[in-house]
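Shown next, in structure tokens, is the structure this report addresses.
What follows is calculated from the coordinates using simple rules that are stated; it is not laboratory data. Remember, it's a predicted structure, so these values are computed and weren't measured experimentally. Glycine also receives a Cβ, built like all others from the backbone with ideal geometry; neighbour counts cover every protein chain displayed.
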Amino acid sequence: MGGLELNKAVAAILVAGITFMVAGLVGEILVHPHQLEKSVLKIEGGSEAPAAAAAPDEPIAVRLAAADAARGASAFKSAGCVACHTVDQGGKNGVGPNLYGSVGAALGHADGFAYSGALKGKGGNWSFDQLDAWLKKPAAFAAGTKMTFAGLGDGKKRADVIMYLRSLAASPVALP
Ligand code: HEC
């Protein structure tokens, strides 16, 4: 093969290579690869809730059996209840009512506190179940309540706090 022939051969290979690349690019531009938005195949029976979903709380009686008033007392502080409530017998009402002897007493039990109609109007006495619902989400238990507190989401902590509230009495109400 002469020098010229060699050049031609190399040029041919280069052209072929470039053509191949350009064809690839053009192809990609013309045919947009498109991901399916949803799987077309739907597999039945695979719709269980994810394992991470929060388990519902156990009944309050079960949680109270494992609850602790001392833990509840510190949760009462760390959750910010102390900002609005006193707990000693005869203690002053603040932003919220004094809470001594509230468990088992009437909703809106403290003398001289201006309760909302939303809470006082419900009537009845504080049961453990009601306190549990109240402290979980006050605004859901009594829509329009004056207690501007979002709620204690942790069911165990709520039971501790209720155990503590129960201890604030000369003779605490019997456990459920
Ligand atoms: C921002 C102030 C504020 C905070 C924080 C707060 N409360 Fe209250 N609480 C109130 C007010 C105000 C009321 C009266 C609600 C009404 O009249 O609607 C109330 C009512 C109550 C009652 C009903 C008392 C009764 O006499 O019937 C209980 C029990 C109670 N709070 C417990 C708690 C606990 C436990 C916490 C903490 C987890 C807490 N509160 C946090 C302001 C507060």
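Computed values, structure above
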| quantity | calculated |
| --- | --- |
| Dipole of segment 55-101, positive end: most advanced residue of A69, C81, N93 [Cβ charges, Cα centre] | N93 |
| Charge context of R63, other residues only, Cβ under 14 angstrom, K/R +1, D/E -1 | -1 |
| Per-residue ³J(HN,Hα) for segment 130-144, Karplus 6.51 cos²θ - 1.76 cosθ + 1.60, θ = phi - 60°, Hz, x for Gly and Pro | 5, 4, 4, 5, 4, 6, 5, 7, x, 5, 7, 5, 9, 4, x |
| Radius of gyration and maximum dimension Dmax of segment 88-176, Cα, Å | 12.3, 32 |
| Debye intensity ratio I(q)/I(0), log10, segment 102-145, q values 0.18, 0.22 Å⁻¹ (C-alpha model) | -0.46, -0.70 |
| Overall Cα dimensions of segment 85-127 - principal axes, largest extent first, Å | 25, 19, 13 |
| Links that overshoot a 21 Å alpha carbon limit, given the list K120/K156; K120/K157; K122/K146; K122/K157; K122/K156 | K120/K156; K120/K157; K122/K157; K122/K156 |
